[in-house]
Amino acid sequence: MHPVIDALLTRRSVTAKDMIAPGPNRDQLDVILKAGHRVPDHGKIGPWRFVVFEGDARARFGDALAKIFASKNTDASEKLLAFEADRFNRAPCVVAVIAAPIEHKVPEWEQVLSAGAACMNMLHAAHAQGFVAQWLTEWYAYDADVDALLGLQANERVAGYIYVGSAAQAPSERERPALEDRVSYFE
Ligand SMILES: Cc1cc2nc3c(=O)[nH]c(=O)nc-3n(C[C@H](O)[C@H](O)[C@H](O)COP(=O)(O)O)c2cc1C
């Protein structure tokens, strides 16, 4: 089988909590970012951007996340707040993919789909280089204060946080919807 097809048909997510080091080095991360940047894009708008979290930046962002979480969940236990602070430390590298659609004759829907394609390409570029990855949103993709922390503009939204790392063990396959239930041939 062609290696690209093989990769497409074998990739699967590994949950962030099961990731270990190493993560991608700068060259490998560059490949992941380039793949994310090379997606179909109606109107050549480039309606996405990426924010990378590596090293200590993960804990700094986590501390800020925990503070925001605490301000909205005043009964949160110390244990839960510690978990929030440690979220980005689950993986060696996290890339926030920001959808940045603009006013344009190309519908916003298509621009957001393009940002989603960037997320998917990154998962594949991670997999092709021997890493594992997971596309997560969790609560902090939907929080105005976290958006402000990331410096999001009014037109921007988090499309996903792409966690990238290595896997202690290969993931088992998951149950998937039957393909034949999702395909029909127009007659
Ligand atoms: C936009 C989007 C957001 C997601 N957010 C979450 C999430 O917050 N938490 C979660 O457990 N899985 C989330 N997932 C699911 C995982 O990324 C992944 O699809 C799942 O673990 C199985 O993936 P696989 O089919 O790639 O193996 C999300 C998926 C997408 C497409």
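The values are calculated or read from the model by the stated rules, or taken from the named source; none is laboratory data. Predicted model only: the values in this text are computed from it and were never measured. Cβ placement follows ideal geometry from the backbone for every residue including glycine, while neighbour counts extend to all protein chains displayed. In case anyone asks, the SASA skips ligands and DNA or RNA and just uses the protein heavy atoms, side chains included. Shrake-Rupley method; radii C 1.70, N 1.55, O 1.52, S 1.80 Å.
Which shape class, rounded, prolate or oblate, goes with the chain when its Cα gyration tensor gives a ≥ b ≥ c as root eigenvalues, a/c under 1.5 marks rounded, and past that a/b bigger than b/c marks prolate? Write out the running numbers ahead of the final one.
On the way: a/c = 1.63, a/b = 1.22, b/c = 1.34.
Taking the square roots of the gyration eigenvalues as a ≥ b ≥ c, the chain is oblate.
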* Asked: With springs only between Cα atoms under 10 Å, which of G151, G160, G55 fluctuates most in a Gaussian network model of the chain?
  -> G151
* **Only Lys, Arg (+1) and Asp, Glu (-1) charged, at Cβ; the chain dipole about Cα centre in debye** => 340
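Is the shape of the stretch 69-123 best called rounded, prolate or oblate, per the rule: a/c under 1.5 gives rounded, else a/b larger than b/c gives prolate, else oblate, with a ≥ b ≥ c the square roots of the Cα gyration tensor eigenvalues?
Working: a/c = 4.98, a/b = 2.00, b/c = 2.49.
Oblate is the answer for the stretch 69-123, as a/c is 1.5 or above yet b/c matches or exceeds a/b.
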* **Net dipole in debye of the stretch 49-147 [+1 Lys, Arg Cβ; -1 Asp, Glu Cβ; about Cα centre; nearest 20]** => 220
* Asked: Going highest first, how would you order 32-38, 87-93 by mean Cβ packing within 10 Å?
  -> 87-93, 32-38
* 19 Å cut-off, amide nitrogen to a point 7 angstrom out along D56 Cα→Cβ, residues in the stretch 78-100 -> 85-94
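Keeping all protein chains in place and using 1.4 angstrom, which order do D147, D181, D6 fall into by accessible surface area, from largest down? All intermediate terms of the calculation are to be shown ahead of the outcome.
Details: D147 35, D181 120, D6 70 Å².
From most exposed to least exposed: D181, D6, D147.
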* If the label point is 7 Å along Cα→Cβ of V4, which residues in the stretch 40-64 have backbone nitrogen under 15 Å from it? -> 40
* Asked: Based solely on its DSSP helices, what 222 nm [θ] is calculated for the chain when runs of n ≥ 4 H residues each add -39,500 (n - 2.57) and the sum is averaged over all residues, nearest 500 deg cm²/dmol?
  -> -12500 deg cm²/dmol
* Asked: Using a probe of 1.4 angstrom, how much of the accessible area of the stretch 1-115 is carbon and sulfur, in percent?
  -> 57
* Asked: In the Gaussian network model of the chain, springs joining C-alpha atoms below 10 Å, which of S13, S77, S166 carries the largest mean-square fluctuation?
  -> S77
* Asked: Which value, in Å² rounded to 10, gives the accessible area of T15 with a 1.4 Å probe and all protein chains present?
  -> 60
* Relative contact order (%) - criterion: Cα under 8 Å, at least six apart; region: the chain -> 33
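Does the stretch 1-78 classify as rounded, prolate or oblate by the C-alpha gyration tensor (a ≥ b ≥ c root eigenvalues; a/c under 1.5 gives rounded; else a/b over b/c gives prolate, otherwise oblate)? Intermediate values should be presented prior to the final figure.
On the way: a/c = 2.20, a/b = 1.67, b/c = 1.32.
In terms of gyration-tensor shape, prolate.
Hey, can you find the accessible area per residue of the stretch 80-150 for me, probe 1.4 Å, expressed in square angstrom? Intermediate results must be reported in sequence, preceding the final value.
Working: 3040 Å² over 71 residues.
Heavy-atom accessible area per residue stands at 43 Å².
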